[in-house]
Structure formats: structure tokens, C-alpha cells
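S.K.: Take a look at the following structure, please.
The numbers here are math on the coordinates, done by the rules we state, and not lab data. None of the values given here were measured: they were computed from a predicted structure. Don't worry about glycine lacking a Cβ; one is built from the backbone with ideal geometry, like all the others, and counts go over all protein chains shown.
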Amino acid sequence: MKKYMFAVLSLASVSSFAGNFTPAAVPTRIDVVQAGTAGFMVYGDFGNILGCTVANQIYVKASHPQYNQLYSTALAAMMAGKKIYVYAGACEPVGWYSVASVTYNVLNESGSLSIGI
């Protein structure tokens, strides 16, 4: 019984730090930010899949290895009125938008962005 409880508690603690997919939504705005943490912010009805301080916004850092492809996909979706969904992997502050205590859903290096839902 102790082994079973340990396994359940271990899985619960790992899943609380894991990422997840947002609901599919049409991007309504995209900000490209160069100051502070460079990247772009996508706005839409994405909810708050990770429980960050701010909902309905997804941030992609310019350091992401597929930054240009992700930006192009998000922009194409906004222009075409197509839904996207994002695999957000972390809650992090984004210096351009707020103080360090405010966090946003971030698409990190292990995340993805899909179009055409």
C-alpha cells in the first residue's frame, strides 16, 4: 500500500509542473516585444491552462529555436480567422508587461503551436 501511495503522490506532483494544451481560439492580437524579454505575445480566448496570473495570453520567447515559424503561424491564423492551440509549458513573468510577480503562460522549447482546428 505504501508503494501505491508513493506512486500516486509522485505522479500528482509531476503533473502539476507539466505543460498542457490551451483551448483552441482565434488570435485577436499579437504584440512583438524587443525590450526586456524579446518575443511575441498572442491574445485570444486561450483560458489559463497552467493557472498563471494572467489568462488568455501566450508568450513566445525570441530564443525559441522555431521562433520565426511560430510567429508566422500565429500571424497567419489571426489574418485568416483560424483557431490555434498552444502547448504552454511554463508560467513565467514577462518584463515588458509587468512586474516579476505576474506570470503568463509561456510556450517554451518543448511546446508547440497548431493551426486549423
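S.K.: For the subset of region 46-92 comprising residues that are more than 19 Å from Asn20 (Cβ to Cβ) and assigned to a loop (DSSP other than H, G, I, E, B), which member is farthest from the chain's Cα centre (by Cα)?
M.R.: The qualifying residue farthest from the chain's Cα centre (by Cα) is Gly81.
S.K.: Considering only region 31-41, I want to know if a residue exists there that is in a loop (DSSP other than H, G, I, E, B) and in contact (Cβ under 8 Å) with a residue 60 or more places away in the chain.
M.R.: Looking for residues that are in a loop (DSSP other than H, G, I, E, B) and in contact (Cβ under 8 Å) with a residue 60 or more places away in the chain, one finds at least one in region 31-41, hence yes.
S.K.: Here is a follow-up. Is region 99-110 home to any residue that is on the phi > 0 side of the Ramachandran plot and part of a loop (DSSP other than H, G, I, E, B)?
M.R.: Looking through region 99-110, none of the residues is on the phi > 0 side of the Ramachandran plot and part of a loop (DSSP other than H, G, I, E, B).
S.K.: Could you check region 58-117 and list, in sequence order, the residues that are of a type in the set (Phe, Trp, Tyr) and in contact with a Phe, Trp or Tyr (Cβ under 9 Å, 6 or more places away or on another chain)? It would help to see each step written out before you state the result.
M.R.: Let us first name the residues in region 58-117 that are of a type in the set (Phe, Trp, Tyr), namely 59, 67, 71, 85, 87, 96-97, 104.
Across region 58-117, the qualifying residues are Tyr59, Tyr67, Tyr71, Tyr85, Tyr87, Tyr97, Tyr104.
S.K.: Further question on the same structure: Just to verify a result, which residue in region 93-117, among those that are loosely packed, with under 13 Cβ neighbours inside 10 Å and of a type in the set (Ser, Thr, Tyr), is nearest to Gly51 (Cα to Cα)?
M.R.: Step by step, filter region 93-117, then rank; the result is Ser101.
S.K.: Would you check which residues across region 55-76 are surrounded by 14 or more Cβ atoms within 10 Å (Cβ to Cβ), more than 16 Å from Pro27 (Cα to Cα) and in contact (Cβ under 8 Å) with a residue 40 or more places away in the chain and list them?
M.R.: Once the filter is applied, which keeps residues that are surrounded by 14 or more Cβ atoms within 10 Å (Cβ to Cβ), more than 16 Å from Pro27 (Cα to Cα) and in contact (Cβ under 8 Å) with a residue 40 or more places away in the chain, region 55-76 yields Lys61, His64.
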